[in-house]
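Below: the structure, in structure tokens.
The values are calculated or read from the model by the stated rules, or taken from the named source; none is laboratory data. The model shown is predicted, which means the values in this text are computed figures rather than measured ones. Quick reminder, even Gly has a Cβ in these numbers, built from the backbone with ideal geometry, and neighbours come from all protein chains shown. Just the protein is used for accessible areas: all its heavy atoms, side chains included, with ligands, DNA and RNA removed. Shrake-Rupley method; radii C 1.70, N 1.55, O 1.52, S 1.80 Å.
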Amino acid sequence: MRSRMVAPALTLAAGACLAGCGAGDPEARPDRPLAGDAKVTITVGCMPAKSQTAQRREWDQDVAAFRRLHPNITIVGKDAFPCMDPTTFQARLAGGETEDVFYVYFTDVRGVVAKGRAADLTPYLGHVRQYPHLDPNVTRVFKDGGKVYGLPRQNYTMGLFYNRALFRRAGLDPDAPPRTWAEVREAARKISALGGGVTGYAELSARNQGGWHFTAALYGQGGDVVTPDGRRAAFNGPQGRAVLQALKDMRWTDGSMGSKQLLVDADIQRMMASGRLGMYLGAPDNATALVDQFKARYEDLGMGPLPGGSGTLMGGDGYLFHPKASPEKIKAGLLWLDFHALTPGQGQLGYERAKANGRPVGLPQPRLFGRNAVGQRDRELRARSANLPVGNFKPYEDASAALPGKLEPPRAQQLYALLDTVMSAVLTRRDADIDRLLADAEKKANILLARSAN
């Protein structure tokens, strides 16, 4: 117990000195703790909505517990569902109408920072005990030019969802899911051979979701959607052709993807939950949707790493700070996030409480910490309170930790719309010309990217 208390204290002291030693005004130094009588009120986005009964109750409990530790800080939560409305976010951002601590998707961080609409947190990181233990793949999302602008709340990486019951029926090992597209193809062929309306593998190809999954599969093969500078398309290459060829072979040569196409996420989730689908790509929280919305059983679900072994698509969300937030508000906000979002055993990582409230515990998400003692403790606490079969997700967790994660590309939704056309053509036309489809999409993508650069 003592060692766990001393280490964070040492980290805090060291981080504070690095962040603030030598600052100017002694009363405004970032490393100075909040004065005991300094009253600070901060607004915080993404408070659970009232309809999320258990989560809202837990939030209120955390606010009360935090207030007992910091009686001078008042947390004013702002609830909305969803936490960020893309149709109004940019306008609120431009008008300076965001909360002091505001919610943001990983994919929006860079754009917000580039416009100068987020505070630099670098001098204040000493107030975040857990920061040194966070996964560098996650923290880099919030970095720009050597400075840190935010902290994560949730994160995920894509993997392969599969039906363990169908695997057993098809003579496949449910504890050893496919890791390559050749293995996916073979497993899909065996599952679809079961008959009775069973589909081996399903893929999205409408409402921009096809382009999203093409991106995920491309990352698994080691490819990219755009060049590193974001100015030109990069998907028209060997990796992009390999993704589409694998789908074309399963769809038309093997007949293992069924005849119904132009599917969206609800379609394949319904198929999986009803026991009629063997595999599809998804993130860990798909399991909750399958069980809560479509009445699947956790016992029948499994998850492995994204096929290919070269990378995976990562995403998530977190918090940035209003660019005009005072030093005292920034310190208070960081203390709150450290307490509520980033400390194993409490706040959103309070697995024992979540279990007592009837919420699912045991999914490998979020995975905020690196391969260190804090990360190990988080995994142990989660496993100790698990109320679902965590072993079903072990192939994913074991392998995905070593896969480099990549964010979605810039102009993601516009590019996904273009790539939807490619995916839908391959899955609905036997004579689809992969090279021509990719070349046409590349031309359109380059025009889109050139316009956005100007």
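What trypsin sites (Lys or Arg not before Pro) in region 238-318 are in a loop by DSSP, with at most 13 other Cβ atoms within 10 Å of the Cβ?
On the way: sites: Arg241, Lys248, Arg251, Lys260, Arg270, Arg276, Lys295, Arg297; in loops: Lys260, Arg276, Lys295, Arg297.
Here the sparse-neighbourhood loop sites are Lys260, Lys295.
Against the empirical 2.2 N^0.38 Å scaling, what ratio does the C-alpha Rg of the chain come to?
1.03
Relative to the longest principal Cα axis of the chain, at what angle does helix 373-384 sit, 0 to 90 degrees, rounded to 10?
60
What is region 171-211 by shape, rounded, prolate or oblate, if you read a ≥ b ≥ c off the alpha carbon gyration tensor as root eigenvalues and call it rounded for a/c under 1.5, prolate for a/b larger than b/c, and oblate otherwise?
Working: a/c = 2.73, a/b = 1.45, b/c = 1.88.
Since a/c reaches 1.5 but b/c is at least a/b, the shape of region 171-211 is classed as oblate.
Viscosity 0.692 mPa s, temperature 37 °C: Stokes-Einstein D of region 39-87 from its Kirkwood Cα radius, in µm² per second?
283
Just the C-alpha atoms of region 136-260: what Rg/Rh do they give, with Rh taken as the Kirkwood radius?
Computed over Cα atoms, the ratio is 1.06.
At 1.4 Å probe radius, can you tell me the per residue accessible area of region 63-159 in Å²?
45
Tell me whether region 307-446 comes out rounded, prolate or oblate; compute the Cα gyration tensor, take square roots of the eigenvalues as a ≥ b ≥ c, and use a/c under 1.5 as the rounded threshold.
oblate
Starting from the Kirkwood Rh over alpha-carbon pairs, what translational D in µm² s⁻¹ does region 218-282 have by Stokes-Einstein at 20 °C and 1.002 mPa s?
This corresponds to a translational diffusion coefficient of 155 µm²/s.
Rg and Dmax in Å for region 373-454, alpha carbons only: what are they?
That works out to 20.6, 54 Å for Rg and Dmax.
If one takes the longest principal axis of the Cα atoms in the chain, at what angle in degrees, from 0 to 90 and to the nearest 10, does the Cα axis of helix 434-453 lie?
Between helix and principal axis, roughly 30 degrees.
Pulled fully out, how much extra length does the chain show between Glu299 and Ala383, if you take 0.36 nm times their separation in residues and subtract their Cα-Cα distance?
Taking 0.36 nm per residue and subtracting the Cα distance, the gain is 28.7 nm.
Which lysines, if any, have their Cα less than 19 Å from the Cα of Lys147, not counting same-chain residues under 8 positions apart?
Within the straight-line cut-off, Lys147 pairs with Lys115, Lys324, Lys329, Lys331.
For a label point 7 Å from the Cα of Thr253 along Cα→C-beta, name the residues of region 410-451 whose backbone N is under 17 Å from it.
Those under the cut-off are 426-435.
What are the equivalent ellipsoid semi-axes of region 33-122, built from the alpha-carbon gyration tensor (square roots of five times its eigenvalues), in whole angstrom, biggest first?
25, 20, 10
Rounded if a/c is under 1.5, else prolate if a/b beats b/c, else oblate: with a ≥ b ≥ c from the C-alpha gyration tensor eigenvalues square-rooted, which is region 228-322?
Cα axes put region 228-322 in the oblate bin.
Near Lys295, which lysines are there with a Cα under 24 Å away, not counting those fewer than 8 places off in the same chain?
The qualifying lysines are Lys50, Lys260, Lys355, Lys394.
Using only protein heavy atoms and a 1.4 Å probe, report how much of Cys83 is accessible, in Å² to the nearest 10.
Surface accessible to solvent at Cys83 totals approximately 50 Å².
Which aspartates and glutamates does Lys443 reach when only Cα atoms under 13 Å apart count, and residues fewer than 8 places away in its own chain are ignored?
Asp435
Provide the per residue accessible area, probe 1.4 Å, for region 340-421, rounded to a whole number of square angstrom.
42
For the Cα atoms of the chain, what angle does the longest principal axis make with the long axis of helix 53-69, in degrees from 0 to 90, nearest 10?
30
Just to be sure I understand the model, the point goes 7 Å from the Cα along the line to the Cβ. What's the resulting Arg140 to Asn446 distance in nm?
Roughly 2.8 nm, to one decimal.
State the percent of C-alpha pairs, over all pairs in region 262-373, separated by a distance greater than 17 angstrom.
68
Per DSSP H run of at least 4 residues, take -39500 (n - 2.57); add these up for the chain, divide by its residues and hand me the 222 nm value, nearest 500 deg cm²/dmol.
Calculated from helices alone, the mean residue ellipticity at 222 nm is -13000 deg cm²/dmol.
Under 8 Å for C-alpha pairs, at least 6 residues apart: give me the relative contact order for region 332-454, rounded to a whole percent.
For region 332-454, the relative contact order is 16 percent.
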